[in-house]
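The values are calculated or read from the model by the stated rules, or taken from the named source; none is laboratory data. Because the structure is a prediction, the values reported are computed rather than measured. Methodologically, a virtual Cβ is constructed for each residue, glycine included, from the backbone with ideal geometry; neighbour enumeration extends over all protein chains shown. Areas reflect the complete protein model, heavy atoms only, side chains present, ligands, DNA and RNA absent. Shrake-Rupley method; radii C 1.70, N 1.55, O 1.52, S 1.80 Å.
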Amino acid sequence: MSVRCGYCGKYGHNSRTCPERTEESKEWSESYYKKQGRKKGSTTMCSYCGLIGHNRRTCPHLKRRKQEALKTIEGSVSRALLEFQSWGAGVGALYEETTYWKESKASYMVTGDKLEAGVTYREERYREGHDGEWGTTSWSRNQVPTFRVWVNATKMFGDDRAPVRTEVSKVFVHSDEDRQIAGLHYLIPFAKESCNNKWLGKSSNSFPSVVAERLRDIAVREVNDYYSNKENKHPEYANETWFDNQEIMERHGA
């Protein structure tokens, strides 16, 4: 019996060789049959999500998590810099720092230099409840995109053994769905002068735009590096039930 085409219905050829199909139609078909996701009979296991049927390079779950992280950069950077300002560590803030071994002392100023700011990215849980009150907090259930933003201060005067720059603590910004939660359990004690620091003059002055631009650029690189690192896996690695539930929710617009 002659082969019948599934595209035009005529005999003598199949849909792949059908002369009536346009090149665009053929390309669409090829991309459909090679679509990402789990494939029955496949033994390839993804190093990111732990599911069978695709690899890390084509993993739709990695692509989704990476896109979510990139979307949170702008808000995370802005939120972190505002937190520094609100706690008095804005541009022009001056404080005295004594080393933990009490051997050197120097005064530092937050200058707002773009080279004195940085950010790192990772996925982690955040502490729920009132930050800084260990007895009344609990850890969130899920690991979420998290940026750790820090700024430095430049030494103005003091002991020669003191470092040229010191870190003005960190602000962690966790992005959980549509919410952003600022983790201040490092910034709070610094601002309360309980980490060998003494405020000489606080400042709520904003940071120059070049600082925010630098942080955004670094954050993009950090996100790309994080998801390129094969040691980093999805928080629900190899949990097929979890991924199935996510697909069902997305299908129904939940």
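Taken together, the criteria exclude residue 103 from residues that are among the charged types (D, E, K, R) and crowded, with 17+ Cβ neighbours inside 10 Å.
Checking 71, 114 one by one, the residue that is surrounded by fewer than 17 Cβ atoms within 10 Å (Cβ to Cβ), closer than 24 Å to residue 181 by Cα and among the basic types (Lys, Arg) is 71 and no other. Residue pairs whose Cβ atoms lie under 9 Å apart, sitting 6 or more positions apart in sequence or on different chains, and linking a residue in the range 46-61 that is at positive phi to a partner that is among the hydrophobic types (A, V, I, L, M, F, W, C) and surrounded by fewer than 16 Cβ atoms within 10 Å (Cβ to Cβ), are 50/238; 53/45. Within the range 59-68, the set of residues being open to solvent by 30 Å² or more (accessible area, probe 1.4 Å) and farther than 17 Å from residue 225 by Cβ comprises 64 only.
For the range 156-176: of the residues being within 22 Å of residue 215 (Cα to Cα) and open to solvent by 20 Å² or more (accessible area, probe 1.4 Å), which is farthest from the chain's Cα centre (by Cα)? It comes out as 164.
Taken over the range 211-236, the criterion of being open to solvent by 80 Å² or more (accessible area, probe 1.4 Å), in contact (Cβ under 8 Å) with a residue 12 or more places away in the chain and more than 20 Å from residue 149 (Cβ to Cβ) is satisfied by 230, 233.
Please determine whether any residue of the range 218-241 is more than 20 Å from the chain's Cα centre (by Cα) and within 24 Å of residue 128 (Cβ to Cβ). Working first, answer last.
As a first pass, look at the range 218-241 and keep what is more than 20 Å from the chain's Cα centre (by Cα): 238-241.
Those left that are additionally within 24 Å of residue 128 (Cβ to Cβ): 239.
Yes, the range 218-241 has at least one match.
Yes/no matrix, rows are residues, columns are (1) in a helix (DSSP H, G or I); (2) touching a helix residue (DSSP H, G or I) at 6+ places or on another chain (Cβ under 9 Å):
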position	(1), (2)
182	no, yes
190	yes, no
198	no, no
221	yes, no
226	yes, yes
234	no, yes
241	yes, no
246	yes, yes
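For the range 163-181, check the following and say yes or no: at least one residue is in contact with a His (Cβ under 6 Å, 6 or more places away or on another chain), closer than 29 Å to residue 69 by Cα and modelled with pLDDT of 90 or more. Yes, the range 163-181 contains a residue that is in contact with a His (Cβ under 6 Å, 6 or more places away or on another chain), closer than 29 Å to residue 69 by Cα and modelled with pLDDT of 90 or more.
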